[in-house]
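Notes follow once the structure below has been shown.
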Amino acid sequence: MIAGKKIILGITGGIAAYKAASLVRLLVKGGAEVQVIMTPNAKEFIAPLTLSTLSGKPVISEFFTANTGQWNSHVDLGLWADAMVIAPATASTIGKMANGVADNMLVTTYLSAKAPVFVAPAMDLDMFKHPTTKRNLDLLRSYGNHIIEPAAGELASHLIGKGRMEEPENIYKVLDAFFDQQHDLQGKKVLITAGPTYEKIDPVRFIGNFSSGKQGFALAQECAERGAEVTLVTGPVNLSIAHPGVTRIDVMSADEMHNAVVSRFPEHDIAIMCAAVADYKVEHVMDHKIKREKGDAPVLTLVKNPDIAKAAGAMKRPDQVLVGFALETDNEDAHAHEKLLKKNLDFIVLNSLKDEGAGFQCSTNKVKIIESDGSETVYPCKDKRMVAKDIVDVLKSKYLK
Ligand code: PMT
């Protein structure tokens, strides 16, 4: 419920700034207290007076209010808010947020904010598609920020494509749903594995895979924001997670991940096995770099790694829930069903490398949830954070008391 929530609405300099007035109105009507912060450029698109009238609070734009000399504390604002929403978010502000360029009140407050952050991009289609924008949005996702994807349609340039800020009614719905479910995992302990494992060949080489850790980290962020105490066991990834509800344990090999999971699983209510664990390791790891010699290339003998999910499945008590993933390239359903049974999972999240936008590295995924009671749900391709939400929704609605 939005009623009673304190919301910072950050408005940046794009044509969609005019829609911010409707968003303020909806939020205030819904019972929220709204503090608007505008970038200097945003004031070219909509008058601060409109927004202060609708929000019932003076709009903040500068570090000092010119006529009174009052200092606007970004730190106090960051602590005050239950949520910060940046709508519209231009490519420029997204870049500043991603890279910590705190040269205005909005980005400074963003860096101080302790509350969940929602970003509603708005820009021309080519700007939205540009690798810089994609990378910056990925960075924001990796900080746990929620990206409210822009819609497709006619843009201010009259070009047609993706880049229109989502409608205020839909942004309101996203916030409302977020506050509704916010603490539905309160009191639960969730163990999550993420990323790849690296199996050493010699001091400079390893066998690994393409997992970035994004899906596992999105799950950790989602569970923590819904009130769970999360233990995130991760292989080597280039991601960070700042939520105080997440305890991160870094491991490298499947053996290390196995030990970290098996020793901790009994004290958790739920385990979600999202890591791409190497099924094999090298039997004899060389203690020196293998040299390129004349003659035959070296032959590596591989031996099986422990199956971590299966080990957890064997230990599982009736009061615990175990969720696995299946990453497949063929016979997807048959393989997923086999893993569901073999590993004693409650449900399995199937993603196929045949589907565009699914699997490793990308910020989206396309999954099918197959449950041990035989039910199956297919989801469209969506942001990995939204996939995490779908998975936790299934957990919550069917597996938790
Ligand atoms: O990290 P990203 O780039 O975001 O990509 C996400 C992902 C594709 C890695 C993720 O969505 C995913 O599918 N993770 C599981 C990948 C995998 O290894 O699938 P699998 O079908 O080989 O394994 C089945 C299940 O057993 C998985 O839950 C896996 O974690 C687990 N397993 C596998 C082998 C092993 N030795 N121990 C395990 O616990």
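Structure notes:
- Val237 without any contact (Cβ under 8 Å) to a residue 60 or more places away in the chain, in a loop (DSSP other than H, G, I, E, B) and among the aliphatic types (A, V, I, L, M): yes
- Evaluating Gly295 against the criteria (1) at negative phi; (2) at pLDDT below 95; (3) not polar (S, T, N, Q) leaves one unmet condition, (1).
- Of residues in the stretch 209-234 being more than 13 Å from the ligand (Cβ to nearest atom) and assigned to a helix (DSSP H, G or I), the one modelled with the highest pLDDT: Cys223
- Single condition Leu49 does not satisfy, out of (1) of a type in the set (A, V, I, L, M, F, W, C); (2) surrounded by fewer than 13 Cβ atoms within 10 Å (Cβ to Cβ); (3) outside any helix (DSSP H, G or I): (3)
- Within the stretch 179-207, restricting attention to residues that are over 23 Å from the mean Cα position of the chain (by Cα) and not aromatic (Phe, Trp, Tyr), the residue that is surrounded by the most Cβ atoms within 10 Å (Cβ to Cβ) is Glu199.
- Subset of the stretch 46-59 (residues that are over 31 Å from the mean Cα position of the chain (by Cα) and of a type outside the set (D, E, K, R)): Ile46, Ala47, Pro48, Leu49, Thr50, Ser52, Thr53, Leu54, Gly56, Pro58
- Residue within the stretch 386-397 that is within 13 Å of the chain's Cα centre (by Cα), buried (at least 16 other Cβ atoms within 10 Å of the Cβ) and outside any helix (DSSP H, G or I) present: no
- Residue list for the stretch 73-84, filter: surrounded by fewer than 18 Cβ atoms within 10 Å (Cβ to Cβ), in a loop (DSSP other than H, G, I, E, B) and in contact (Cβ under 8 Å) with a residue 12 or more places away in the chain: none
- For the condition buried (at least 16 other Cβ atoms within 10 Å of the Cβ) and charged (D, E, K, R), Glu229 qualifies.
- Residue identified as of a type in the set (D, E, K, R), more than 23 Å from Ala271 (Cβ to Cβ) and away from the ligand (no atom under 16 Å from the Cβ) among Lys396, Lys294: Lys294
- Within the stretch 327-340, the presence of at least one residue that is of a type in the set (Asp, Glu), in a helix (DSSP H, G or I), surrounded by fewer than 18 Cβ atoms within 10 Å (Cβ to Cβ) and within 12 Å of the ligand (Cβ to nearest atom) is confirmed.
- Residue satisfying condition, being modelled with pLDDT of 95 or more, closer than 18 Å to Thr108 by Cα and of a type in the set (Ser, Thr, Tyr), within set Thr39, Thr53, Thr65: Thr39
- Some residue of the stretch 364-375 being at positive phi and either in a loop (DSSP other than H, G, I, E, B) or within 8 Å of the ligand (Cβ to nearest atom) (or both): yes
- Applying the set (1) surrounded by fewer than 18 Cβ atoms within 10 Å (Cβ to Cβ); (2) more than 19 Å from the chain's Cα centre (by Cα) to Phe360 leaves exactly one unmet item: (2).
- Just one of the listed residues (Ser142, Ser157) is modelled with pLDDT under 90, touching an Asp or Glu at 6+ places or on another chain (Cβ under 7 Å) and either polar (S, T, N, Q) or outside the structural domain of Trp80 (by TED's automatic domain parsing) (or both), namely Ser157.
The values are calculated or read from the model by the stated rules, or taken from the named source; none is laboratory data. Everything numeric in this text was worked out from a predicted model, so none of it was measured. Every residue, glycine as well, gets a Cβ built from its backbone with ideal geometry; the counts of neighbours run over all protein chains shown.
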